[in-house]
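Below you'll find the structure, written out as structure tokens, and then a few comments.
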Amino acid sequence: MRLSQYFLPTLKDTPAEAQIASHRLMLRAGMVRQSSAGIYSWLPLGLRVLKKIEMVVREEQNAIGCHEVLMPTIQPADLWRKSGRYDDYGPEMLRFVDRHERDMLYGPTNEEQITEIFAEAVRSYRELPQMLYHIQWKFRDEVRPRFGVMRGREFLMKDAYSFDLDGAGARRSYNKMFVSYLKTYERLGLKAIPMAADTGPIGGDMSHEFLILADTGESEIACHRDFLEMSLINQSIDFDGDLQPIVDRFTGKYAATDEMRNLETEKALGEDLVTARGIEVGHIFNFGTKYSKPMGASVAGPDGQDVAVEMGSYGIGVSRLVGAIIEASHDENGVIWPDSVAPFQAGIINLKSGDGDCDNVCEDIYRKMRNLGVEVLYDDRDARAGAKFADADLIGLPWQIIVGPRGVKNGVVELKNRKSGDRDELSLEAAFSKISG
RNA sequence: CGGGAAGUAGCUCAGUCUGGUAGAGUACUCGGCUGGGGGCCGAGCGGUCGCAGGUUCAAAUCCUGUCUUCCCGACCA
């Protein structure tokens, strides 16, 4: 992409309404613009990041045999009356009436919708287990939206739903999702820690929140030091095998959100206790037959008797992750994207646009990188070097190829790594191999 | 929903206390000089001062109402 032809309205000043780092940087980097409180438009750069996160999430869901669907944003109130939640949900649910005087709502979540779809289609235990997910915009009319896209009213969420014949099956589905989430967050460059969550009236130990650590997190958390070292990266996981050992490993040590903390346990941990601030980026939940019973989602079991299916739901806040990743990874100059979600893998900074030699070298690099399939943003604007550096750092290009008269004369380019700040003078070939490497 | 703050040029803000021709920086346009970390000089463009009432000869400024946004708290299946 040539920057001179792109739509990237970066800001030097921080708009007054933005207080926290991710909100400030998303506005300054031209990723989003606020429409009204908690509702945002996504501009090209922000949308690229959103789509990349979405893609990672999608791939990991597909990898465990969860099938993608797409349910509507608008749902009929009757659906929610069936589950009893129409009255329970409160003013967070945006309700309205269509032209035929039917009560409608903008979905804050989709348990009812998916349960109806499932109930209508599945009759036999032989068709179980089943897992379905979608990535869709939701709306919750928060009393007080804040933190930019992290606590918006309209937000993009991946929500998945599992259907099993019995508790043991539900546990297997839950474990699949649990491990899948660990992988997903690692791929997104995040350290996510699963923490036991309040299961409300359902009870049991089958609910976890996934929190990432960031100094500006919304709540205080505490966990065992070992969590900082745990990783699944480079491990091939057999999702059809027994996942309980992995789940046990990630739930065996102490980890608690604000309201779940136990001071005695923490005292006993001593030096091994870590306290930090966290941002919730996912929540998985087993709720048994809470929806399947009232919504009539039952199947014929092996004995021919109908049984209500055991269900679970599994959410990842996709749009929230954009902000969360920035909170976890930025400096005073701008965003530092993990490679997997960076809007562009590399940038070319032409320090002297209009200079024949510099232009030629940049064009050459630009063409070659595109041929190699590298997503590259070429800053071909007629702007000062300083302005180009500032924008490149602001939007967080992981690799920056800096082309100036000095290097061109010597047949080298300068390669800067956004994260480390390291700058090396290299041949073009060497730079390419570093970027792709 | 309780408490607090702010709405003036695209953006960041001054001016409001003490009423009297609408300001600065930045961005943008044009010209010139520049060219390795958000340049310099000059000339321009750009504002129903959130909105509605009221007081006054006169309101960005005082009064009343209202809308919007932000912050703290409560809330966040």
Item to check | J(HN,Hα) series, the range A:396-409, from Karplus relation 6.51 cos²θ - 1.76 cosθ + 1.60, nearest Hz, glycine and proline x | outcome: x, 4, x, 10, 10, 8, 9, 10, x, x, 4, x, 4, 4
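Rounded to the nearest 20 Debye, what is the dipole magnitude of chain A about its Cα centre when Lys and Arg each give +1 and Asp and Glu each give -1 at the C-beta? All intermediate terms of the calculation are to be shown ahead of the outcome.
Working: 53 positive and 67 negative charges, 235 e Å.
Around 1120 debye, computed over chain A.
At a threshold of 8 angstrom on Cα-Cα distance, excluding pairs fewer than six apart, so keeping six or more, what relative contact order does chain A reach in percent? Display every interim value, and only then the final one.
On the way: 857 pairs, mean separation 74.1, N = 437.
That works out to 17 percent.
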Item to check | For chain A, built as a Gaussian network whose Cα springs stay under 10 Å, the top-fluctuating residue of A:A383, A:A214, A:A170 | outcome: A:A383
Checklist entry - How large is the helix-only mean residue ellipticity at 222 nm for chain A, computed as the sum of -39500 (n - 2.57) over DSSP H runs with n ≥ 4, divided by its residue count, in deg cm²/dmol to the nearest 500? => result -9500 deg cm²/dmol
Item to check | Mean separation of Cα contacts under 8 Å, 6 or more apart, over the residue count of the range A:189-238: relative contact order % | outcome: 32
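Might you tell me the accessible area per residue for chain A, computed with a 1.4 Å probe and given in Å²? Please report the intermediate quantities before stating the final value.
Details: 19820 Å² over 437 residues.
Per-residue accessible area for chain A comes out at 45 Å².
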Checklist entry - Under the classification rounded if a/c is under 1.5, otherwise prolate if a/b is larger than b/c and oblate if not, where does chain A fall, given a ≥ b ≥ c as square roots of the Cα gyration tensor eigenvalues? => result prolate
Checklist entry - How high is the relative contact order of the range A:155-277, in percent, counting Cα pairs under 8 Å that sit 6 or more residues apart? => result 31
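Taking square-rooted eigenvalues a ≥ b ≥ c of the alpha carbon gyration tensor, is the range A:1-130 rounded, prolate or oblate, where a/c under 1.5 means rounded and, failing that, a/b exceeding b/c means prolate?
It comes out oblate by the Cα gyration axes.
If you restrict to DSSP beta bridges whose two residues both lie in chain A, what percentage is antiparallel, to the nearest 5? Mind dumping the intermediate values first?
Numbers: 70 of 83 bridges.
Counting only bridges with both partners in chain A, antiparallel ones make up about 85 percent.
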Item to check | Qualifying lysines (Cα of each under 28 Å from Cα of A:K158; at least 8 residues distant if same chain) | outcome: A:K51, A:K52, A:K82, A:K138, A:K176, A:K183, A:K191, A:K253, A:K290, A:K293
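Show me A:234-243, A:327-336 ranked by packing, highest mean number of other Cβ atoms within 10 Å first. If you can, show how the numbers build up before the last one.
Details: A:234-243: 10.8, A:327-336: 19.5.
Going by the mean number of other Cβ atoms within 10 Å, highest first, we get A:327-336, A:234-243.
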Checklist entry - A:M369: accessible area at probe 1.4 Å, nearest 10 Å²? => result 0
Checklist entry - Residue-wise, which Karplus ³J(HN,Hα) couplings in Hz belong to the range A:229-243, taking 6.51 cos²θ - 1.76 cosθ + 1.60, θ = phi - 60°, and x for glycine or proline? => result 9, 5, 7, 10, 4, 6, 9, 8, 10, 8, 6, 8, x, 7, 8
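Of the trypsin sites (Lys or Arg not before Pro) in the range A:349-417, which ones lie in a loop per DSSP and count no more than 11 other C-beta atoms within 10 Å? Spell out each step's value before the answer.
Working: sites: A:K352, A:R367, A:K368, A:R370, A:R381, A:R384, A:K388, A:R406, A:K409, A:K416; in loops: A:K352, A:R381, A:R384.
Answer in residue order: A:R384.
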Checklist outcome for this item: Straight-line reach check, A:K12, cutoff 23 Å on alpha carbons, 8 or more apart in-chain or any other chain, hits among lysines -> A:K352, A:K388, A:K416, A:K419
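The values are calculated or read from the model by the stated rules, or taken from the named source; none is laboratory data. Everything numeric here is computed off the predicted structure, so don't read it as measured data. Every residue, glycine as well, gets a Cβ built from its backbone with ideal geometry; the counts of neighbours run over all protein chains shown. For the accessible areas, the whole protein counts, side chains as well, though only heavy atoms, and no ligand, DNA or RNA atoms are used. Shrake-Rupley method; radii C 1.70, N 1.55, O 1.52, S 1.80 Å.
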